[in-house]
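*Asks:* Structure below; questions to follow.
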Amino acid sequence: MTRNGTVLVLGATGGIGGEVARQLVHAGWQVRALKRGATEGRRDGITWLSGDAMDRQAVMDAAKGCSVIVHAVNPPGYRNWAQLVLPMLDNTIAAAKAEGATIVLPGTVYNYGPDAFGELLAEDSPQHPVTRKGAIRVELEQRLEAASRNGARVLIVRAGDFFGPKAGNNWFSQGLVKAGLPVKAVSYPGRADTAHQWSYLPDVARTMVALLGRRDRLEPFACFHMAGHRDADGTQMSGAIRKVVARRTGTEPRVAAFPWWLLTLASPFVTTLREMREMRYLWQTPVLMDNAKLVAFLGHEPHTPLEEAVEVSLEGLGCFGAALAPAAA
């Protein structure tokens, strides 16, 4: 197993990939990032390389000498998942096997179907997804588990719905608020009596970096759940947004029901909306994760107070007039 401090981040222009890359730099890692059409060179502590995650040789070359590969790359707007997601992962697996590297995958709750939602989701809860994207997520993890028996090591950190200061494919910036626009209303997709779990991207990234710092103690296929921000009754996230906006602008936005009917009408024509509609079941029942294993291993879970996390997120998304952060690649 390669044990140096060099890491390749795939998806470093996206939300979670960008956060992990920045925090790895801060933690003293030598960070490389592969991006299609990138101007090669070192910027902000990251060595940028030009290449495509769909190009196996490009990934193999970029990963040469790396002890860790962060696989945080996703097709933009949920487009062409079936054609792109698995081949990209296979390229990462090939590179990790060649280098004896650890693959880090940001996981989600999409793996799980309604049959698992009766209690807190544990790392070994049954995975019976009811969506196409969920089935692909299960296949991703199955391929990674097989790779962990054949020369690679794997770390998966599953978390709830992402939010943070970077715009991307997430419910916070595409549903509750609109990136780049003032917040006049919070459009909430769930019921007011249904618990939901949110994960602040910088906290997820800090968790991954902390786990990598102890990777010699991890099993070859390691998986952890984060508790994140548990909205116990479906009102706490909306309430935090309202408080932050009122403090910053003097005007408190209203809370409105998310227009699912509009997604139903538009989903045949817009891939992103179709994929969002497919995830509606996650808003109709409590979906919460058990972080006991993570806390037992690290001693804590990185956790930013909700209102602070919301304010940084809205600022980064340009909702207070600031420059909009780059969208996820």
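The values are calculated or read from the model by the stated rules, or taken from the named source; none is laboratory data. Note that the structure is a prediction, hence the values are computed from the model and not measured. Heads up, the Cβs are rebuilt from the backbone with ideal geometry, glycines too, and the neighbour counts pull from every protein chain shown.
*Asks:* Given the criteria closer than 23 Å to GLY15 by Cβ, aliphatic (A, V, I, L, M) and in contact with a helix residue (DSSP H, G or I) (Cβ under 9 Å, 6 or more places away or on another chain), does ALA72 qualify?
*Replies:* Yes; evaluated as a whole, the condition is true for this residue.
*Asks:* With the condition kept exactly as written, say whether any residue in the range 266-280 is among the aliphatic types (A, V, I, L, M), assigned to a helix (DSSP H, G or I) and at pLDDT 95 or above.
*Replies:* no
*Asks:* Let me ask something additional. Taking the range 133-156 as the region of interest, how many residues are in contact with a helix residue (DSSP H, G or I) (Cβ under 7 Å, 6 or more places away or on another chain) and of a type in the set (Lys, Arg)?
*Replies:* Within the range 133-156, residues that are in contact with a helix residue (DSSP H, G or I) (Cβ under 7 Å, 6 or more places away or on another chain) and of a type in the set (Lys, Arg) number 2.
*Asks:* Has the range 31-44 got at least one residue that is in a loop (DSSP other than H, G, I, E, B) and either surrounded by 15 or more Cβ atoms within 10 Å (Cβ to Cβ) or basic (Lys, Arg) (or both)?
*Replies:* Yes, the conditions are met somewhere in the range 31-44.
*Asks:* Looking for whichever is at pLDDT 80 or above, of a type in the set (A, V, I, L, M) and exposed (fewer than 15 other Cβ atoms within 10 Å of the Cβ) here; the options are ALA257, ALA240. Which one fits?
*Replies:* Being at pLDDT 80 or above, of a type in the set (A, V, I, L, M) and exposed (fewer than 15 other Cβ atoms within 10 Å of the Cβ) holds for just one of ALA257, ALA240, which is ALA257.
*Asks:* Give me a count of the residues in the range 20-30 that are in a strand (DSSP E or B) and among the aliphatic types (A, V, I, L, M).
*Replies:* Result for the range 20-30: 0.
*Asks:* Looking at the range 152-198, what strands (runs of 3 or more DSSP E) fall wholly within it and have at least 1 residues that are touching a residue at least 60 places away in the same chain (Cβ under 8 Å), farther than 15 Å from PRO106 by Cα and of a type in the set (Ser, Thr, Tyr)?
*Replies:* 185-188
*Asks:* Residues in the range 49-59: is at least one modelled with pLDDT of 90 or more, among the basic types (Lys, Arg) and part of a loop (DSSP other than H, G, I, E, B)?
*Replies:* Within the range 49-59 (the criterion being modelled with pLDDT of 90 or more, among the basic types (Lys, Arg) and part of a loop (DSSP other than H, G, I, E, B)), the answer is no, since none of the residues qualifies.
*Asks:* Right, next: If a residue has to be over 21 Å from ALA72 (Cα atoms) and in contact with a strand residue (DSSP E or B) (Cβ under 7 Å, 6 or more places away or on another chain) to count, how many in the range 98-121 make the cut?
*Replies:* The qualifying residues number 2.
*Asks:* For the range 206-224, how many residues meet the condition of being crowded, with 22+ Cβ neighbours inside 10 Å and within 19 Å of LEU288 (Cα to Cα)?
*Replies:* 2
*Asks:* Let me ask something additional. Out of all the residues in the range 216-237, which are small (Gly, Ala, Ser), part of a loop (DSSP other than H, G, I, E, B) and modelled with pLDDT of 95 or more?
*Replies:* Result: ALA227, GLY228.
*Asks:* Which pairs have Cβ atoms under 6 Å, sit 6 or more apart or on different chains, and link a residue in the range 264-291 that is within 26 Å of CYS223 (Cβ to Cβ) to one that is modelled with pLDDT of 70 or more and hydroxyl-bearing (Ser, Thr, Tyr)?
*Replies:* As it stands, the answer is GLU278/THR131; PRO286/THR194, since those pairs meet every condition given.
*Asks:* Shifting gears a bit: State yes or no: is GLY160 buried (at least 20 other Cβ atoms within 10 Å of the Cβ), within 11 Å of the chain's Cα centre (by Cα) and either within 17 Å of ALA240 (Cα to Cα) or not aliphatic (A, V, I, L, M) (or both)?
*Replies:* Yes.
*Asks:* ALA21: in contact with a strand residue (DSSP E or B) (Cβ under 6 Å, 6 or more places away or on another chain), of a type in the set (Gly, Ala, Ser), under 14 Å from MET208 (Cβ atoms) and surrounded by 24 or more Cβ atoms within 10 Å (Cβ to Cβ), yes or no?
*Replies:* Considered against the rule, which asks whether it is in contact with a strand residue (DSSP E or B) (Cβ under 6 Å, 6 or more places away or on another chain), of a type in the set (Gly, Ala, Ser), under 14 Å from MET208 (Cβ atoms) and surrounded by 24 or more Cβ atoms within 10 Å (Cβ to Cβ), ALA21 comes out as yes.
*Asks:* Could you please find all residues in the range 119-133 being modelled with pLDDT of 90 or more and not in a loop (DSSP other than H, G, I, E, B)?
*Replies:* Hit for the range 119-133 is LEU121, nothing else.
*Asks:* Evaluate the range 71-79: report whether one residue or more is part of a helix (DSSP H, G or I) and touching a Gly at 6+ places or on another chain (Cβ under 8 Å).
*Replies:* No, the range 71-79 contains no residue that is part of a helix (DSSP H, G or I) and touching a Gly at 6+ places or on another chain (Cβ under 8 Å).
*Asks:* Output yes when any residue across the range 130-147 is more than 30 Å from GLU308 (Cα to Cα), touching a strand residue (DSSP E or B) at 6+ places or on another chain (Cβ under 6 Å) and of a type outside the set (Phe, Trp, Tyr), and no when none is.
*Replies:* Yes, because at least one residue in the range 130-147 is more than 30 Å from GLU308 (Cα to Cα), touching a strand residue (DSSP E or B) at 6+ places or on another chain (Cβ under 6 Å) and of a type outside the set (Phe, Trp, Tyr).
*Asks:* Being at negative phi, outside any helix (DSSP H, G or I) and at pLDDT 95 or above is the requirement here; does VAL109 meet it?
*Replies:* No: the conditions fail for VAL109.
*Asks:* State yes or no: is LEU84 in a helix (DSSP H, G or I), in contact with a Pro (Cβ under 7 Å, 6 or more places away or on another chain) and of a type outside the set (Gly, Ala, Ser)?
*Replies:* Answer is yes for this residue.
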